[in-house]
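Structure record follows, encoded as structure tokens.
What follows draws every value from the coordinates through simple rules; no lab data is involved. Owing to the predicted nature of the structure, the values given are computational and were not obtained by experimental measurement. Neighbour counts run over all protein chains shown; Cβ positions are idealised from the backbone, glycine included.
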4 protein chains.
Amino acid sequence: MTPLPDDPCRLAEQCAAVMLAGDAPARAFGFSLRKVAPGEAELEMTVSESSLNAFGTCHGGALFTLADTALSIACNSYGRQSVAQQCSITFVRPVRLGDHLIARAFERCRTSRTAIYDCTLTNARDGKVIAEFRGHSRTIADAMPTPI
Amino acid sequence: MTPLPDDPCRLAEQCAAVMLAGDAPARAFGFSLRKVAPGEAELEMTVSESSLNAFGTCHGGALFTLADTALSIACNSYGRQSVAQQCSITFVRPVRLGDHLIARAFERCRTSRTAIYDCTLTNARDGKVIAEFRGHSRTIADAMPTPI
Amino acid sequence: MTPLPDDPCRLAEQCAAVMLAGDAPARAFGFSLRKVAPGEAELEMTVSESSLNAFGTCHGGALFTLADTALSIACNSYGRQSVAQQCSITFVRPVRLGDHLIARAFERCRTSRTAIYDCTLTNARDGKVIAEFRGHSRTIADAMPTPI
Amino acid sequence: MTPLPDDPCRLAEQCAAVMLAGDAPARAFGFSLRKVAPGEAELEMTVSESSLNAFGTCHGGALFTLADTALSIACNSYGRQSVAQQCSITFVRPVRLGDHLIARAFERCRTSRTAIYDCTLTNARDGKVIAEFRGHSRTIADAMPTPI
């Protein structure tokens, strides 16, 4: 286990890399990291067959997973283990095969161990919002678990 | 396209079969149907490597997808196309590799085109609740889309 | 300060009486207690001019306050000080002047210090659901504050 | 009934004035308007005895009512009758007698008849967030009801 970097941005990047590498649904849905900084994260995905429901649109579960993963990377970016406790999502517009989605999560407010993160999902095709997500995180340890 | 059955329970079963067959995330996470009836649905899954996050616990996105799929089967059980609009989930207890989960969705209240569904996720190991989900559906067509 | 009763039902009744007596919005909106037991509470109100908005229907804030007060009485019924942390409400049908409303809150699941309560609001005129509420409570002290 | 003004800002102001004048809970809790513009609204209140619960802190119902009223003014600012359908609130920090609160509601995203509004409540004493609210509105008529 390497010591965590002192620089907040490098720390955020290192935590994100390890978290994404160990995240099986993120790999299956094809998420990739656009940006990470203390308290924020951006992910993107292109909607493939693996995300479709029986109506031929993107499954709400895939959209939630994208937002929840962005939240998870954002709330763990300080190097303290945090988990989502309660999350809600509103599906604003349908998403089709081949659409390219961007999820931007940022910290809205914080107390010592809890925080609220908002994550907006937009369709890169027209820039329109396709879902709005809000999640509540709780810090459960003052360090990241091994092997992060 | 075969005509839909008149019997409400057979209709619910037929809709569920087609919906699950066309649901890629449900197949990837390994959901299977335990029960379906008008306005309700039960799914189960065993947590495999494909659902784990970097902390080695079940990804919140997999749990949401399980609940959201149960909602989707329940709210489409009347043979009218319906979609989830807004959903929230509370993660109550962590879930580990190999845990067997049961999701029970039922209709809580209904107006002409909208309804609220609750879905409780329990761990079959000890019967404890691991997540509570509430979703809002809207009926968008008076029939199911082809080829259902 | 009188010692709290050992009997769980009498304890719940005593906590509820003190809480309602000290609750200014509950008095202003005219809530009254129908029932209290460990982990559950029922309140009622008749919609008066004091609850109306500019459209002449019952203000969503009055409906939320009714549900939130029922939650508060239910989650404090064990004699340990608890507060609501996150609540959501869905307004299902409009409510008019003179309607008589019943709010039933019950505990849905619990861990050591947190719990989820659901509260259904019905219109006594026709028994129809007018709102569904879900709240998350956290126990912040092992006793009730003086003078309860 | 006077014709509605063409100017969007004057229209928003006129709608807000009529809505607040007809809002009984807003008067009882002592809300006043700081600002209104198309799709946004700011209200303020000083916490008086009329808002306290049995623990001597501001009742969650009063905080919800403040946020819900700000949402209502914001979503009716275009001169089309709109109502809240589903709202959630997170209570971040306790609020005491005499605290001065500011509620800022703004439109987060919109489709033809639905919109999402966020409302942040801050304590003017220290500028800290005391609650975060998110509400979903639906436009139910293309004009405001008489006498607005």
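Filter region C:38-71 down to the residues that are facing another protein chain (nearest Cβ under 7 Å) and under 19 Å from D:SER88 (Cβ atoms) and list them by number. Correct list: C:HIS59, C:GLY60, C:GLY61, C:ALA62, C:PHE64, C:THR65, C:ASP68, C:THR69.
Residues in region D:105-134 that are under 19 Å from D:HIS59 (Cα atoms) and not aliphatic (A, V, I, L, M): D:CYS119, D:THR120, D:THR122, D:ASN123, D:ARG125, D:LYS128, D:GLU132, D:PHE133, D:ARG134. Being within 14 Å of another protein chain (Cβ to nearest Cβ), in contact with a Ser or Thr (Cβ under 6 Å, 6 or more places away or on another chain) and on the phi < 0 side of the Ramachandran plot holds for only one residue in D:ALA12, D:ALA16, D:ALA26, and it is D:ALA26. Within region C:59-80, can you find the residues that are touching a strand residue (DSSP E or B) at 6+ places or on another chain (Cβ under 7 Å), in contact (Cβ under 8 Å) with a residue 24 or more places away in the chain and not in a helix (DSSP H, G or I)? C:ASN76, C:SER77, C:ARG80 - these are the residues of region C:59-80 that are touching a strand residue (DSSP E or B) at 6+ places or on another chain (Cβ under 7 Å), in contact (Cβ under 8 Å) with a residue 24 or more places away in the chain and not in a helix (DSSP H, G or I). Does B:ARG27 satisfy the criteria of being closer than 30 Å to D:ARG138 by Cα and among the basic types (Lys, Arg)? The answer is no for B:ARG27.
For region A:84-103, taking the residues that are of a type in the set (A, V, I, L, M) and out of contact with any helix residue (DSSP H, G or I) (no Cβ under 8 Å at 6 or more places or on another chain), the one that is surrounded by the fewest Cβ atoms within 10 Å (Cβ to Cβ) is identified as A:ILE102.
You will find that of B:PHE106, B:PHE133, the residue that is closer than 18 Å to C:ARG108 by Cα, more than 8 Å from chain A (Cβ to nearest Cβ), surrounded by fewer than 19 Cβ atoms within 10 Å (Cβ to Cβ) and in contact (Cβ under 8 Å) with a residue 40 or more places away in the chain is B:PHE106 and no other.
Looking only at region D:52-67, decide whether some residue is in contact with a helix residue (DSSP H, G or I) (Cβ under 6 Å, 6 or more places away or on another chain), of a type outside the set (A, V, I, L, M, F, W, C) and within 13 Å of D:ALA103 (Cβ to Cβ). Within region D:52-67 (the criterion being in contact with a helix residue (DSSP H, G or I) (Cβ under 6 Å, 6 or more places away or on another chain), of a type outside the set (A, V, I, L, M, F, W, C) and within 13 Å of D:ALA103 (Cβ to Cβ)), the answer is yes, since at least one residue qualifies. From the residues in region D:72-103 that are of a type outside the set (A, V, I, L, M, F, W, C) and within 14 Å of D:ALA16 (Cα to Cα), which one is farthest from the other protein chains (Cβ to nearest Cβ)? Taking the candidates together, the pick is D:TYR78. Any residue at all in region C:35-58 that's over 26 Å from B:GLU132 (Cβ atoms), in a helix (DSSP H, G or I) and in contact with a Pro (Cβ under 8 Å, 6 or more places away or on another chain)? The answer is yes; a qualifying residue exists.
Listed conditions (1) out of contact with any strand residue (DSSP E or B) (no Cβ under 8 Å at 6 or more places or on another chain); (2) farther than 30 Å from C:CYS75 by Cβ; (3) surrounded by fewer than 18 Cβ atoms within 10 Å (Cβ to Cβ) are all met by D:LYS35, apart from (1).
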